[in-house]
1. Given H placed 1.01 Å from N in the peptide plane, which residues other than close sequence neighbours of Ala107 have an amide H under 5 Å from its amide H?
2. Sequence-distant or interchain residues sharing an amide H contact under 5 Å with Thr46, placed H: which?
3. Full-extension gain between Asp359 and Lys77, please, as 0.36 nm times their residue separation minus the C-alpha to C-alpha distance.
4. Counting alpha carbon pairs within less than 8 Å and at least 6 residues apart, what relative contact order, in whole percent, applies to the stretch 156-283?
5. So, R0 is 35 Å and r is the distance between the beta-carbons of Ala337 and Thr46; what FRET efficiency does that work out to, to 0.05?
6. Ignoring ligands, DNA and RNA, what percent of the 1.4 Å accessible area of the stretch 156-283 is carbon and sulfur?
7. Charges on Cβ only, +1 for Lys and Arg, -1 for Asp and Glu, centred on the Cα centroid of the chain; of Val151, Ala312, Tyr237, which one is farthest towards the dipole's positive end?
8. Residue by residue, what Karplus-based ³J(HN,Hα) values in Hz, rounded to whole numbers, does the stretch 250-262 have, using 6.51, -1.76 and 1.60 with θ = phi - 60° and x for Gly and Pro?
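The values are calculated or read from the model by the stated rules, or taken from the named source; none is laboratory data. Treat the numbers as computed from the prediction; the structure is a model and nothing was measured. Every residue, glycine as well, gets a Cβ built from its backbone with ideal geometry; the counts of neighbours run over all protein chains shown. For the accessible areas, the whole protein counts, side chains as well, though only heavy atoms, and no ligand, DNA or RNA atoms are used. Shrake-Rupley method; radii C 1.70, N 1.55, O 1.52, S 1.80 Å.
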Amino acid sequence: MHKLSRRSVLALLAVCSLGLGSCSKPAAPAGSAGDTIKVGEFASLTGKEAAFGQSSHKGTVLAIEELNAAGGVLGRKLELVSEDNQSKPGESATIVKKLISRDKVVALLGEVASSRSLEAAPICQAARIPMISPSSTNPAVTETGDYIFRVCFIDPFQGVVMAKFAKDTLKIRKVAVLTSVSSAYSVGLAKYFTERFAKDGGTIALEQKYSEGDKDFKAQLTAIKAAGVEGIFVPGYYTEAALICKQARDLGLNIPLFGGDGWEAPQLIEIGGAAVEGCYYSTHYSPENQSPAVTNFVQKFKQRWNGETPDAMAALAYDSASVLADAIKRAGSTEGAKVRAALAATKDFAAVSGNTTLDAQRNATKSAVVVTIKGGAFKFVETVAP
Ligand code: PHE
């Protein structure tokens, strides 16, 4: 907060002195040749979910670099202005305000975590600056308003995918759900999973809670053990999910644990080790997919980022930047209202994560994939069509 207000004062002073000294010579108008098109990115580049932000950032950078190498958009280069929210609540609002008012970005890309997208969305909506979340799946994100888009599926679908997977593939009928009450994503996904699992005749024997950053889950897992369930649904993020798997095994709970896209990060295996073997989660894409769109992307990403294999966050972030560039081209302008209208008209855009059409609710409809952990690595299990 302190940092921002000081920066704002400096920015104001700069504007004032410019105005006094050379008021007859305004900055080049937006749209003139030579200047860049500024695109803002807000991401958890450090902190608890750094894996999300890092991965997402690499996908975004790759897309922007490719677009610029191909001549840019509307004859201008794209300039990515990235800010780190350190995975902390409150920070996304601060940095997004700064990106809009000080850097004058024409659109925002972010965030991965729904709670952080939900912080930024009202700010973008009020400023009429389009925002595209690559991978936030909570429905409320795009419900904020008509300037807020996403290029991924939403949790009512993801919850159904895992409820059906538990019933049909794992063949379990009695489960426990362990929800992070401080995460909008977790609360939503728990609800959609529970509704579907119960509707299909399954039993939710008990629901237990935790909060982001918790490290000790013994009390919840002891209660779950006493309930005699056949599986545990953990709609959370990778750090807590890995610790929950470990502590479940320590308590002698040898039933499957499974979750959603929030599990996706190399740290799930690094922290969880043997405890996450045989666990499952749903996500947006698999780098094992042999379609040309995916193999081409995987190859380019590895080349750019030291041989690293792109995960779902990287693919969706790449797609979010590509969808934005396509909309700016079709709009023929960087003006918020025009870019917004072009984004809303996005239809059958050939993206890495699948063909992207933005519906009337500004969401995409895409297949999910289920992944397991085997031999210390992620393995594709199945694709689930919408
Ligand atoms: N969907 C998650 C959320 O909304 C974020 C996420 C996306 C995590 C993709 C991992 C992979 O919070």
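1. Here Gly40 satisfy the definition.
2. Hits under the 5 Å cutoff: Asn85, Gln86, Ser87.
3. 98.6 nm
4. The value is 26 percent.
5. Efficiency computed from Cβ-Cβ geometry: 0.55.
6. Roughly 54 percent, rounded to a whole number.
7. Projecting each Cα onto the dipole axis, the largest value belongs to Val151.
8. So the Karplus estimates, Gly and Pro as x, are 4, 8, x, 8, 10, 9, x, 10, 8, x, x, 4, x Hz.
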